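Have a look at the structure below, then the notes.
The values are calculated or read from the model by the stated rules, or taken from the named source; none is laboratory data. Bear in mind that the values here come from a model prediction, so they are computed numbers and not experimental data. Neighbour counts are summed over all protein chains in view; Cβ atoms, including those assigned to glycine, are modelled from backbone coordinates with ideal geometry. The protein model used for the area step is the full one, side chains on, heavy atoms only, and it has no ligands, DNA or RNA in it. Shrake-Rupley method; radii C 1.70, N 1.55, O 1.52, S 1.80 Å.
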Amino acid sequence: MSASSSVTAFEDDVQRTESLYIEEDPNLPYRTLNNNAVIDEFTQETATGTIIKRTVSQATGHEVDYKLVTFEIGDPENPKNWSKLYKWYCTMLIALVCFVVAFASAVVTADIVGVSEEFGVSDEVSLLSITLFVIGFGVGPMVFAEVLGRKIIYVTTLGVAVIFIIPCALAKNIGTLLVCRLIDEIAFSAPMTLVGGSLADLWRKEERGVPMAAFSAAPFLGPAIGPLVGGFISDHFGWRWLYWVMLMLAGAVYLLMTFTVPETYAPTLLSRRAAKLRAKTGDSAYVTEHEIDKRPFGERIQIFMIRPFQLLFRELIVFLISLYMSVLYGLLYMFFVAYPIVFQEGKGFSASNTGLMFIPLAIGVVASAVCSPMINKHYLKLRSKHGEKPPPELRLIPMMCSCWFIPIGLFIFAWTSYPSLSWWGPAIGGFPVGF
């Protein structure tokens with residue numbers, strides 16, 4: 001086959017890829033790239049490390065050949081080709097960041113009374129330190145875009161979050177505490193926003209089940225461990241030390257994320273490679289789709305801001321799962337108020353002993369994560385029956401089975417929480433909820 005016919009055949013493949021991409025995304029009118037983007041550039045490895053794309057220059061009106069930079073086959077710079085050990089290190093560190101965020105949201109519940117007494121406010125006002133923190137979970141994901149890459153967002157937002165823990169610990173009034181808690185969570189929400197993309201950067205589709213389970217356990221394990229640790233700290237050192245401990249933990253994770261986890265976002269990595277190739281060869285044809293996308297940067301940022309709302313309100317499955325998750329998270333945070341009422345007021349427990357009652361909840365979360373390899377194995381078995389494009393609903397099967405544990409746990413907790421009954425009943429009720 002001649003060189004010209006090879007190029008022609010390759011261009012035909014590229015055009016088929018483009019049309020396939022457009023067909024498969026009819027519900028997303030706003031894309032990261034333009035409608036004719038060659039998505040294989042960011043998702044596939046090629047033998048030469050480039051894809052030839054012919055387009056018309058807006059400046060001259062003439063046809064121009066671009067060399068879209070890709071990862072090469074087996075490319076060591078492709079995060080998916082990193083060693084499994086290092087990918088698991090990055091995954092667990094990202095999950096640890098999520099754990100710290102959830103831990104920070106819940107650890108302060110151990111001594112709400114101490115805040116109320118020192119600042120002379122009601123418990124309801126003190127509880128706003130939790131409410132505002134959780135509100136940040138919803139605000140942050142609508143703010144942080146991935147245009148510049150993942151690491152810059154991790155480093156800057158986590159840095160802001162760590163800094164604003166300090167005024168919480170030193171607060172002289174309730175206003176300072178509440179404002180800084182809100183800023184903290186808006187910044188802390190970045191890992192919750194980016195972690196799914198980071199795991200997609202690191203793991204291939206068939207490998208993601210277990211890593212996603214590790215991440216999914218972290219946001220629920222953190223709120224379970226927070227009151228447990230916070231109870232002992234507040235009993236012995238007071239409520240301000242809850243924030244100092246939070247600062248030490250968050251600071252350590254921030255340093256690890258900054259200095260040991262590199263950039264994983266393919267468009268950013270390939271943009272850097274294209275810049276090196278242009279500098280090395282003097283050939284300006286080495287580019288990425290991001291670089292030849294003529295839309296202004298502000299317009300692209302706006303697209304990122306709009307997309308979450310499009311997915312939420314135009315994709316029924318996204319809306320329903322979001323609604324379901326919001327109910328679950330709401331129930332989890334209601335436990336932070338219910339446990340002190342049941343165990344401290346009803347049974348006379350100390351804050352530290354009340355924190356121990358969260359252990360069954362934490363065990364339930366861990367137990368569900370332990371089941372994830374078996375669940376992923378079952379998914380792969382079902383996936384093999386559908387070829388390369390299994391229906392995404394296959395991922396819902398574990399949730400369809402496990403969702404019944406929620407009302408079972410709530411039923412046990414509600415009917416065993418009377419002061420005259422043993423503490424075992426409401427404590428054990430947390431296990432199925434956590435699971």
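Measuring only protein heavy atoms, the 1.4 Å probe finds residue 208 accessible over about 60 Å².
Charge tally around residue 78: other residues with Cβ under 10 Å, Lys/Arg +1 each, Asp/Glu -1 each, net -4.
Considering only alpha-carbon pairs that sit under 8 angstrom and 6 or more positions apart, the relative contact order computed for the stretch 81-264 is 41 percent.
Once both labels are positioned 7 Å from their Cα atoms along Cα-to-Cβ, the gap between residue 377 and residue 338 label points is 3.4 nm.
Longer than 28 Å from Cα to Cα, which of 151/205; 67/381; 67/87; 53/385 are they? Say none if no pair is. Flagged as over cut-off: 67/381; 67/87; 53/385. Beta bridges assigned by DSSP with both partners in the chain are antiparallel in approximately 65 percent of cases. Across the protein chains, with a 1.4 Å probe defining accessible surface, the residues 125, 38, 179 rank 179, 125, 38 from largest area downward. Each Cα pair under 8 Å and six or more residues apart adds its separation to the average, and for the chain the resulting relative contact order is 19 percent.
Which value at 222 nm does the chain reach when only helices count, each DSSP H run of 4 or more adding -39,500 (n - 2.57), with the total divided by all residues and rounded to the nearest 500 deg cm²/dmol?
Values: 21 runs with 292 residues, N = 435.
The helix-only estimate for the chain comes to -21500 deg cm²/dmol at 222 nm.
Rolling a 1.4 Å probe over the protein chains gives residue 403 an accessible area of about 40 Å². In the assembled protein chains, residue 67 presents an accessible area of approximately 60 Å² (probe radius 1.4 Å). Ranking 88, 82 from most to least accessible surface, computed with a 1.4 Å probe over the protein chains only, gives 88, 82. Overall size of the chain from C-alpha positions, given as principal axis extents largest first: 87, 51, 39 Å.
Averaged over its residues, the chain has an accessible area of 50 Å² per residue, based on protein heavy atoms and a 1.4 Å probe. Going by accessible surface with a 1.4 Å probe and the largest first, 63, 77, 299 read 63, 77, 299. Across the stretch 272-411 the C-alpha pair distances fall into 5 Å bins from zero in the proportions 2, 7, 9, 11, 11, 11, 10, 10, 10, 8, 5, 3, 2, 1, 0, 0 percent.
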